[in-house]
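Participant: I'd like to ask you about the structure that follows.
The values are calculated or read from the model by the stated rules, or taken from the named source; none is laboratory data. Remember, predicted model here, so these are calculated numbers, not experimental data. We place every Cβ from the backbone using ideal geometry, glycine too, and count neighbours over all the protein chains shown.
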């Protein structure tokens with residue numbers, strides 16, 4: 001999985017909407033949202049660990065301080081699995097939930113249960129995962145750059161249009177100012193996302209600090 005810093009950049013760039021109203025909005029999903037799905041990488045690692053009897057497959061997904069808890073949950077699950085198939089299914093889910101909960105806690109993210117397989121992902125997350133699977137980041141970089149470029153151009157064109165009429169009336173001037181704020185904040189977010197992303201385990205997904213108060 002990508003580090004929190006990379007995911008933050010993607011959430012900020014690919015998550016920026018480009019609707020007709022050209023207003024500045026950020027789609028801010030929970031970081032690593034796909035890690036709490038049944039077909040996500042964390043649960044897949046758990047399934048591999050249970051199938052092989054090797055807990056090391058999942059230890060990389062949790063903090064060192066949570067390793068003992070995961071080992072204990074893993075051993076309990078393996079024990080119950082030997083008793084009864086139905087009990088084993090419940091034990092597996094217990095292990096999945098324990099793993100995902102501790103994984104998200106290690107990121108500072110809340111645990112809200114495991115979503116079913118096939119849950120829709122944010123475009124940035126899906127694109128990032130495809131890049132990791134393919135071992136090639138060029139397509140991801142091109143797509144992210146194109147989305148950001150389109151977002152900047154769209155907002156800039158709208159701003160220039162409003163600027164031409166800004167002096168015609170107070171209302172027109174206010175429309176210009178609104179578009180100016182939209183444009184400035186969008187570009188500010190892009191620059192801050194590319195330069196000031198936190199490392200794994202640090203707070204992420206927050207709005208830019210120290211920005212202009214328009």
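Participant: Is there a residue in the range 156-169 that is free of Cβ contacts under 8 Å to residues at least 60 places away in the same chain and within 30 Å of residue 49 (Cα to Cα)?
Facilitator: Among the residues of the range 156-169, not one is free of Cβ contacts under 8 Å to residues at least 60 places away in the same chain and within 30 Å of residue 49 (Cα to Cα), which makes the answer no.
Participant: Looking only at the range 83-101, how many residues end up being surrounded by 15 or more Cβ atoms within 10 Å (Cβ to Cβ) and in contact with a helix residue (DSSP H, G or I) (Cβ under 8 Å, 6 or more places away or on another chain)?
Facilitator: The qualifying residues number 8.
Participant: Working only within the range 167-194, note down all residues that are crowded, with 17+ Cβ neighbours inside 10 Å and part of a loop (DSSP other than H, G, I, E, B).
Facilitator: none
Participant: Being part of a helix (DSSP H, G or I) and touching a helix residue (DSSP H, G or I) at 6+ places or on another chain (Cβ under 7 Å) is the filter; apply it to the range 104-128 and report the residue that is modelled with the lowest pLDDT.
Facilitator: 123
Participant: Next question, about the same structure. For the range 63-95, enumerate the residues that are touching a residue at least 40 places away in the same chain (Cβ under 8 Å) and under 17 Å from residue 38 (Cα atoms). Full working, then the answer.
Facilitator: Of all residues in the range 63-95, those touching a residue at least 40 places away in the same chain (Cβ under 8 Å) come to 63, 66, 92, 95.
92, 95 - these are the residues of the range 63-95 that are touching a residue at least 40 places away in the same chain (Cβ under 8 Å) and under 17 Å from residue 38 (Cα atoms).
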